[in-house]
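Novice: Take a look at this one; I'll ask things after.
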Amino acid sequence: MAAKTLYLGPRLKKLRRELGLTQANMASDLDISPSYIALMERNQRPVTAEMLLNLATTYRIDVADLADKDADETVARLQSALRDPLFSDIAIEPLDIEDIATSYPGMAEALLRLHTAYGEEQLVLAARREQGSVQVDSATPDPVAEARAFLAARRNCFPSLDDSASEAARNLPTFDAMKDHLAAVYGLELRLADDGLLRGSMRWHDYHRQRVLISERLDPAGRRFQAALQTAIMSQSAEVDKLVAEGRFAGENSARLARRALMSYWAAALLMPYRAFHKAAQELRYDVEALAARFSVSFEQAAHRLTTLQRPGQEGVPFFFLRVDRAGNVSKRLDGAGFPLARHGGACPLWNIHEVFALPGKVDAQLIELPDGQRYVSIARTVRAGGGGFGERSVTRSVALTCDAQHLDQLVYARSLQGTDPTPIGVACRLCHRPRCIARSAPPIGRELIPSRFRDNGVPFDFSQD
């Protein structure tokens, strides 16, 4: 079997520059011509096994150091970016993508950064248009919209944070391990404290006393997350700042929200390492309750983590996540699926994210259909925050995890949904043109209401279908 041809041009050039050598210097060391060095650096000649051995012995390096460990991931990221409809009319062969990633890694990274910036800008502009802004460069930007656009443009996936958290997870699997780590590395005492000392906070870093207090009223999953979050704050500031610097934020509040989201991302990745969680999700067929039990986290934490499984080459089912209160206010929104409700909220009362308030703590699965015929699977359940003592205030919210119905066969929830008719819903009453809907709160834009003098069809707003 013939050996694989190796083209290591960019890496060979990088090695030469790191050694402070000219092409002539390296050619002299290796006993070859400068022109041959130039051809290898331009990938016009392969690096033979004999040449690899010569490089290793001459410069006392490990041959593995010349391997591009990130090439496969760069290829996957390029393939994902080039699936954007923006490039739909351009035929790009898979081999061309691999060649770009391996031969021109700097150009590949530049393309990926531009595509991410473009996606982020489009999301920000869409959010501002939906808010009715006349000028897209408004002097009063919406920090929540900008932070959400920052996450959505990256599909809520940050491989560098996942890698760091997975490495740390080997030594920090429990609350006590994180407690010992914070004490040994940062000199911080981590302990539980009562509400009187915390004054209503869940976590307090008492800087002057070098201690971190976590509310004893939190359940075990909440305590572990707060310990992981403190670990993220102490160890990941530089990496998080680097990622935030890539964002297109108009104000400091937007950057702060993004920074907070990334710290929480790392904390969740510590509790649910990417590869282990991705594998478990497939084995358990995305059973959120079973995943929460396996990783000792809450239902909401497991659902949230499922939206982040979009690492190129290792993708899971793409999900959209929404959390609302009884009044319909959206307090968390994460989009890894391009779901229309990610932009318009979750105002339709026929969606099970609203119905599960009548079924506290019970998971409900629903097949839904939008007016354009697109079908989705929605997994919803209530979650509770606060409380922990008699008379303590708490709030019950509902979360929904939603994906395209084409993924139904991969989900454990298919058992109860296969063969059922979808529930017709809309993204918002003003944008929904479904006729005879008894749950409608407003007539659709552009439709004329039918006079009800002689006939009452029993719907709040009866409108013409013409």
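Each reported figure results from applying straightforward, stated rules to the coordinates on display, with no laboratory input. As the structure is a computational prediction, the values presented were derived from the model and not from experiment. Counting neighbours? That spans all protein chains shown, and the Cβs are built from the backbone with ideal geometry, glycine included.
Novice: 5 Å is the cut-off here: which amide hydrogens, built 1.01 Å from N in the peptide plane, fall below it relative to Tyr7, excluding neighbours closer than 5 in sequence?
Specialist: Amide H neighbours of Tyr7, under 5 Å, 5+ apart: Val47.
Novice: Could I have the simple spin-label model distance between Ala184 and Ala293, label points 7 Å from Cα toward Cβ, reported in nm to one decimal?
Specialist: 3.3
Novice: I need the phi-derived Karplus couplings for the stretch 288-295: 6.51 cos²θ - 1.76 cosθ + 1.60, θ = phi - 60°, integer Hz, Gly and Pro marked x.
Specialist: Computed from phi, the couplings for the stretch 288-295 are 5, 5, 5, 5, 4, 5, 5, 9 Hz.
Novice: Which loop-located chymotrypsin sites (Phe, Trp or Tyr not before Pro) does the stretch 145-243 contain, where loop means any DSSP state but H, G, I, E or B and the Cβ has at most 15 other Cβ atoms within 10 Å?
Specialist: Tyr207
Novice: Can you give me the distance in nm between label points at Arg375 and Ile92, each placed 7 Å from the Cα along the Cα-to-Cβ direction?
Specialist: Modelled inter-label distance: 3.3 nm.
Novice: Need one number: nm distance between label points at Thr48 and Arg60, each 7 Å from Cα along Cα→Cβ, rounded to one decimal.
Specialist: Between Thr48 and Arg60, the simple spin-label model gives 2.7 nm.
Novice: Quick one: 3J(HN,Hα) in Hz for the stretch 432-437, Karplus 6.51/-1.76/1.60 with θ = phi - 60°, rounded, Gly and Pro as x.
Specialist: 9, 10, 5, x, 6, 8
Novice: Still on this model: Give me the one-decimal Kirkwood hydrodynamic radius in Å for the stretch 180-304, with the sum taken over alpha-carbon pairs.
Specialist: Values: mean 1/r = 0.0625 Å⁻¹.
Here the Kirkwood hydrodynamic radius works out to 16.0 Å.
Novice: Where a ≥ b ≥ c are the square roots of the eigenvalues of the C-alpha gyration tensor, would you call the stretch 9-66 rounded, which needs a/c under 1.5, or, failing that, prolate if a/b is larger than b/c, or oblate?
Specialist: Rounded, because the longest to shortest axis ratio a/c is under 1.5.
Novice: Pull up all non-local amide H partners of Lys332: gap of 5 or more, or a different chain, and H-to-H distance under 5 Å with H placed in the peptide plane.
Specialist: For Lys332, whose amide H was placed from the backbone, the distant partners under 5 Å are Arg323.
Novice: Please identify the trypsin sites (Lys or Arg not before Pro) of the stretch 1-59 that satisfy two criteria: DSSP loop assignment and at most 16 other Cβ atoms within 10 Å. Which are they? Provide the component values of the computation, followed by the final result.
Specialist: On the way: sites: Lys4, Arg11, Lys13, Lys14, Arg16, Arg17, Arg42; in loops: Lys4, Arg42.
Those that pass, being in a loop and sparsely packed, are Lys4, Arg42.
Novice: Next question, about the same structure. With a cut-off of at most 12 other beta carbons within 10 Å, and DSSP calling the residue loop, which chymotrypsin sites (Phe, Trp or Tyr not before Pro) in the stretch 374-416 qualify? Please list them.
Specialist: Counting only loop positions with at most 12 other Cβ atoms within 10 Å, the chymotrypsin sites (Phe, Trp or Tyr not before Pro) in the stretch 374-416 are Phe390.
Novice: A further question on this structure: Each residue of the stretch 33-46 in turn: what ³J(HN,Hα) in whole Hz from Karplus with 6.51, -1.76, 1.60 and θ = phi - 60°, glycine and Pro shown as x?
Specialist: Ordered by residue, 3J(HN,Hα) equals 7, x, 5, 6, 4, 4, 5, 5, 5, 9, 6, 9, 9, x Hz.
Novice: May I pose another question? Give the order of His278, His304 when sorted by the count of other beta carbons within 10 angstrom, beginning with the fewest. Could you put the intermediate results ahead of the total?
Specialist: Numbers: His278 20, His304 23.
Starting with the residue having the fewest Cβ neighbours, the order is His278, His304.
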